[in-house]
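Values in this text are rule-based calculations from the coordinates and carry no lab data. Since the structure is predicted, the reported quantities are computational estimates derived from the model, not experimental observations. A quick note on method: Cβ atoms are made from the backbone with ideal geometry, for glycine too, and the neighbour counts reach across all protein chains shown.
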Amino acid sequence: MTDITLLISSGSGPRECQWAARRIAECFVKEAKANGLTAAILDQDNPASALLRLSGKNVDAFVKARCGTIRWIGQSPFRKYHKRKNWFVGVSRLPDLTDLPEIDERDITYTATRASGPGGQHVNKTNSAVRAVHGPSGIAVTAQEERSQYANKKLCRAKLAAVFAERADTQKADGKQNQWKSHKSLERGNADRVYKGEKFQLQK
């Protein structure tokens, strides 16, 4: 069974786009389950994006239909009188965790910690959570969603990959100029899927 990790990112967009990215991740989970797939949102510590793991029969076709630019049409939940109605989010497939040449395992320091918060009987009883620090960049991520250290270690690598992917997209989009252009380049693209309203109803 193929496991695929999706990065759903707000780019350098405003708070509304960050909020929409999370809501779209939730929509994808519902759509995946309706298609007989297994889906789970992996990270809870990055407000600007979401990592979604998918697996099951025909998962490749499901993912292909959702990669690209997603547009949400709706009133800002944070700025009541804001005139803007269109908000954009980017969806991309992360490379397989076994094929990440930009991340050298020797540069990553892993530390086991006790998990916290909801998660079952294993929480706060075993050192199952993992914190990973990428030495050259100083980027740190944590994972406690899985029940074993090994699985959380792999998840940390996925989160690091997501951070690097976002940075690469930003650098590619705007070169050495400001990050605002990164989001504008996303906005100019044709939306592959459109959701509308507070209930995020699919339009196309």
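Quickly work out the Ala61-to-Asn127 label distance, labels modelled 7 Å from Cα along the C-beta direction, and quote it in nm with one decimal.
4.7
Taking H as built 1.01 Å from N, whose amide H comes closer than 5 Å to the amide H of Ile139, not counting residues under 5 places away?
Placed amide hydrogens put His134 under 5 Å from Ile139.
Do the alpha carbons of any pairs in Lys30/Lys199; Lys159/Lys199; Lys85/Lys204; Lys85/Lys199; Lys80/Lys204; Lys153/Lys199 sit beyond 23 Å of each other, and which pairs?
From Lys30/Lys199; Lys159/Lys199; Lys85/Lys204; Lys85/Lys199; Lys80/Lys204; Lys153/Lys199, over 23 Å: Lys159/Lys199; Lys80/Lys204; Lys153/Lys199.
Please work out the FRET efficiency for the pair Ala40 and Tyr110, using the Cβ-Cβ distance as r and a Förster radius of 25 Å; give the result to the nearest 0.05.
Values: r = 22 Å, r/R0 = 0.87.
With a Förster radius of 25 Å, E is 0.70.
Taking segment 1-60, which trypsin sites (Lys or Arg not before Pro) meet the DSSP loop condition and have no more than 12 other C-beta atoms within 10 Å?
The qualifying sites are Lys57.
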